[in-house]
Amino acid sequence: MKLAKGFGCVSTIIGSMIMALAVFFAVACFIADKEAGEKNQVQWEEYNSHLTEIDSLEKAGVADSIIYEKYPRPVIRQGGFATLFGGFFALVAFAVGAIPFTIGLLLYNKKS
């Protein structure tokens, strides 16, 4: 009886820790995705501020490799991948953590 209560307590703690870490991971991925999007937006704003110079260099016949060496084009970022990955991983980890949490609660509250 005491062994079942002890195992239930430990199992509940492990399950709750897994679920808490899943939520933490999802939030961390969302924040990282948001920060990367903001950095990419700043890069595009800087690049767009040089468009008149780039256009004049292209009209003058300067090679594209020289132009892009001086004004590198930012990456076209399709945001949201880290958020989706973090959310999916968190859902799976939350479901996995709910199993020992539920079993632990059942063992801890067992009456016999």
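The values are calculated or read from the model by the stated rules, or taken from the named source; none is laboratory data. If you're wondering where the values come from, they're calculated on a predicted model, not measured in any experiment. Cβ: placed from backbone, ideal geometry, glycine included. Neighbour counts: every protein chain shown. When the accessible area is computed, the model is the full protein with side chains, heavy atoms only, and any ligands, DNA or RNA have been set aside. Shrake-Rupley method; radii C 1.70, N 1.55, O 1.52, S 1.80 Å.
Against the condition open to solvent by 50 Å² or more (accessible area, probe 1.4 Å), assigned to a helix (DSSP H, G or I) and hydroxyl-bearing (Ser, Thr, Tyr), how does SER16 come out, does it pass? First the steps, then the outcome.
Details: open to solvent by 50 Å² or more (accessible area, probe 1.4 Å): no; assigned to a helix (DSSP H, G or I): yes; hydroxyl-bearing (Ser, Thr, Tyr): yes.
Judged against the criteria, SER16 is not a match.
Taking into account only those residues within region 53-111 that are outside any helix (DSSP H, G or I) and touching a residue at least 60 places away in the same chain (Cβ under 8 Å), which is surrounded by the most Cβ atoms within 10 Å (Cβ to Cβ)? Step through it out loud before you land on a result.
Applying the first criterion (outside any helix (DSSP H, G or I)) to region 53-111 yields 60-63, 71-80, 109-111.
From what is left, the residues that are touching a residue at least 60 places away in the same chain (Cβ under 8 Å) are 109-110.
Values: ASN109: 9, LYS110: 11.
Residue satisfying both the conditions and the ranking: LYS110.
Run down VAL92, VAL23, VAL75 and say which single residue is more than 12 Å from the chain's Cα centre (by Cα) and under 30 Å from LYS110 (Cα atoms). Don't jump to the end; show me each part of the working.
Working: VAL23 fails: more than 12 Å from the chain's Cα centre (by Cα); VAL75 fails: under 30 Å from LYS110 (Cα atoms).
Answer to the selection: VAL92.
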